[in-house]
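This report concerns only the one structure given below.
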Amino acid sequence: MQKYFIMFGPPGAGKGTHAAPMVKRYHLKHISTGELLRSEIAAGTELGKQAKALIEKGELVPDEVVEGMIAGVFAANPDVKGFLLDGFPRTVQQAIDLDEMLESRDEYVTGVISLMIPDEVIKERIKGRALIEGRADDANDETIANRIRTYHAKTEPLIEVYKQKGIYHEVDAVGTIPEVEARVMALMDTF
Ligand code: AP5
Ligand code: MG
């Protein structure tokens with residue numbers, strides 16, 4: 001059995017930041033759908049061209065696009081202990097499709113680690129990262145505002161879905177990076 005962890009949270013909550021030490025410590029394969037899409041854009045692929053316009057508006061790319069990428073990484077990594085899904089699922093349909101993908105192999109989601117921060121902190125963190133990483137979707141206020149709206153409208157409903165399944169675990173992601181990391185690791189140690 002492989003383990004499947006979901007790193008959940010609004011834009012800028014720290015999913016990518018905390019994924020790095022987690023995958024090392026628990027021998028997981030990190031799958032960031034945002035990073036996969038950004039590499040497609042950088043490589044100038046057809047998929048990348050389609051995704052670029054949506055990402056730069058702060059919209060989601062179609063479910064089947066990200067699901068195809070996820071399935072590809074699962075298939076290519078049969079020997080890892082598990083996966084850390086960062087930024088996926090992001091719609092109720094993606095969550096249903098993920099369950100189906102896993103059920104067909106007798107697998108299931110082990111746990112959802114949800115990093116929670118208020119909208120105001122999202123803006124601060126994204127503005128800080130814009131100066132360092134230069135991501136196109138960090139560059140203007142309207143895109144950032146739309147990413148936050150998209151999160152509340154399409155992604156937040158997943159909280160209830162995973163609460164119902166009894167696998168939802170919330171971590172207060174306000175605090176310094178080492179403070180939040182300690183909370184995340186304390187939770188991960190329980191799985
Ligand atoms: P994605 O790349 O997943 O972006 P996101 O969800 O908006 O999340 P971020 O990567 O912006 O934030 P993060 O939580 O990783 O925070 P980070 O650790 O960097 O997706 C991009 C786009 O791709 C989407 O908008 C969508 O268009 C598309 N997409 C992706 N997945 C999709 C899907 N499943 N379906 C459809 N479309 C999809 O931290 C942020 C900053 O804060 C950093 O600078 C960090 O150093 C700093 N920081 C972190 N923690 C702290 C702390 N505790 N204190 C102070 N600073 C901190
Ligand atoms: Mg990220």
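The values are calculated or read from the model by the stated rules, or taken from the named source; none is laboratory data. Since the structure is predicted, the reported quantities are computational estimates derived from the model, not experimental observations. Backbone-built Cβ (ideal geometry, glycine too); neighbour counts: all protein chains shown. Surface areas here come from the heavy atoms of the whole protein model, side chains and all, with no ligands, DNA or RNA. Shrake-Rupley method; radii C 1.70, N 1.55, O 1.52, S 1.80 Å.
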How do 122, 132, 159 stack up against each other in accessible area, from largest to smallest, with a 1.4 angstrom probe? 132, 159, 122
Taking the simple approach of a point 7 Å from Cα along Cα-to-Cβ for both residue 101 and residue 123, what is their distance in nm? 3.4 nm
Highest-MSF residue in the chain out of 37, 28, 131 [GNM, Cα springs under 10 Å]: 131
One finds, for residue 39 and residue 159 with R0 = 35 angstrom and r their Cβ-Cβ distance, a FRET efficiency to the nearest 0.05 of 0.75
On the formula 1/(1 + (r/R0)^6), with r taken between the Cβ atoms of residue 132 and residue 64 and R0 of 22 Å, the FRET efficiency rounded to 0.05 is 0.10
Normalising by the residue count of the stretch 93-191, find the relative contact order in percent from Cα pairs under 8 Å and 6+ residues apart. 38 percent
Would the stretch 3-188 count as rounded, prolate or oblate if I go by the C-alpha gyration tensor, calling it rounded below 1.5 in a/c and otherwise prolate when a/b exceeds b/c, oblate otherwise? rounded
Per residue accessible area in Å² of the stretch 3-188, where ligands, DNA and RNA are left out and the probe is 1.4 Å: 49 Å²
Would you mind telling me the share, in percent, of accessible area of the stretch 3-188 contributed by carbon and sulfur at probe 1.4 angstrom? 55 percent
For the chain, what does the relative contact order come out to in percent, with C-alpha contacts under 8 Å and a separation of six or more? 33 percent
Counting Lys +1, Arg +1, Asp -1, Glu -1, what net charge surrounds residue 59 among other residues with beta carbon under 14 Å of its beta carbon? +2
Using modelled amide H (1.01 Å from N, peptide plane; none on Pro or chain starts), what sits under 5 Å from the amide H of residue 87, excluding residues fewer than 5 places away? 7
Can you spot the lysines whose alpha carbon is less than 28 Å from residue 24's alpha carbon? Ignore those fewer than 8 places along the same chain. 3, 15, 81, 127, 163, 165
Could you point to the residue in 6, 186, 37 farthest towards the positive end of the stretch 3-188's charge dipole, with +1 and -1 charges on the Cβ of Lys/Arg and Asp/Glu respectively? 186
Assign one of three labels to the stretch 79-120, namely rounded, prolate or oblate, based on the Cα gyration tensor with a ≥ b ≥ c the square roots of its eigenvalues; rounded applies when a/c is under 1.5, prolate when it is not and a/b is larger than b/c, and oblate otherwise. oblate
To check you understand DSSP bridge types, tell me what percent of the beta bridges within the chain (both residues inside) are antiparallel, rounded to 5. 0 percent
